[in-house]
Amino acid sequence: MSPSGSTAAGVLTPRADGGGTADREAGVAAPADGSGAASVGKSGAVIVCSGVTTRPVSATELARQVSCAAAGAVVTFEGVVRDHDGGRGVRGITYSAHPMAADVMTQIAADVAAHPGLRALGVVHRVGDLVVGDTALAVAVSADHRAEAFAAASALVEQVKARLPVWKHQLFADGTAEWSNMA
């Protein structure tokens, strides 16, 4: 399988060859070998994108990156900023990341890429100021069959929630704000 993207995070803009270019800002995961090539999990799944970014993220773009002729399923997830929480109106969220967040995201992606039956995956968390409707977390997984794709997408989301050192500062409509330990 030929990957159509790289392991750096962010919005992947099309290259002339149909692949994606990487967001190279600080704090974004890049290939360990510096090659710019997509990495491969233990089971052979390609990690087309993993990390954190201040730029908008899109599960649709990640789905394009993970798609391949051998995959019978592509599953996506977008975690978006909603307009309420606990009965209170929400104006937006500011996400802050630990300097090691990109490395943690790379490890999460590698752990899930080791699951059998997967072809490719991408996972990116946005940091900075987001408004209602903005995507905070984008995930896409391709696999031979739907069960493996759904399970891997769910595992990525749950592992990001449990392990990624990203904190959110939620801004409420009444002018108050609240910090949460993990995104």
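The values are calculated or read from the model by the stated rules, or taken from the named source; none is laboratory data. If you're wondering where the values come from, they're calculated on a predicted model, not measured in any experiment. Cβ atoms come from the backbone with ideal geometry, glycine included; neighbour counts cover every protein chain shown. Surface accessibility is based on the protein's heavy atoms, side chains included, excluding ligands, DNA and RNA. Shrake-Rupley method; radii C 1.70, N 1.55, O 1.52, S 1.80 Å.
Side notes on the structure shown:
- Among the residues of the stretch 138-145, at least one is touching a Lys or Arg at 6+ places or on another chain (Cβ under 9 Å), under 30 Å from A69 (Cβ atoms), charged (D, E, K, R) and surrounded by 15 or more Cβ atoms within 10 Å (Cβ to Cβ).
- Residues located in the stretch 74-93, provided they are closer than 27 Å to A152 by Cα, open to solvent by less than 40 Å² (accessible area, probe 1.4 Å) and out of contact with any Phe, Trp or Tyr (no Cβ under 8 Å at 6 or more places or on another chain): G79, V81, I93
- Of all residues making up the stretch 145-183, the number that are of a type in the set (D, E, K, R) and within 16 Å of V80 (Cβ to Cβ): 2
- Subset of the stretch 152-183 [outside any strand (DSSP E or B), more than 12 Å from F77 (Cα to Cα) and either open to solvent by 60 Å² or more (accessible area, probe 1.4 Å) or out of contact with any helix residue (DSSP H, G or I) (no Cβ under 8 Å at 6 or more places or on another chain) (or both)]: Q159, K161, A162, R163, A173, D174, G175, T176, N181, M182
- One residue stands out in the stretch 97-130 among those that are outside any helix (DSSP H, G or I) and without any contact (Cβ under 8 Å) to a residue 60 or more places away in the chain: the one that is nearest to F150 (Cα to Cα), namely L130.
- Taken together, the criteria place T94 among residues that are part of a strand (DSSP E or B), β-branched (V, I, T), in contact (Cβ under 8 Å) with a residue 24 or more places away in the chain and under 30 Å from T176 (Cβ atoms).
- Sub-8 Å Cβ pairs linking a first residue in the stretch 43-70 that is open to solvent by less than 10 Å² (accessible area, probe 1.4 Å) to a second residue that is of a type in the set (F, W, Y), at least 6 apart or interchain, are A59/F77, ordered by first then second residue.
- When G86, G51 are checked against the criterion of being at pLDDT below 95 and out of contact with any Cys (no Cβ under 6 Å at 6 or more places or on another chain), a single residue qualifies: G86.
- Within the option set G117, G128, being modelled with pLDDT of 95 or more, within 19 Å of A71 (Cα to Cα) and surrounded by fewer than 21 Cβ atoms within 10 Å (Cβ to Cβ) holds for one residue only, G117.
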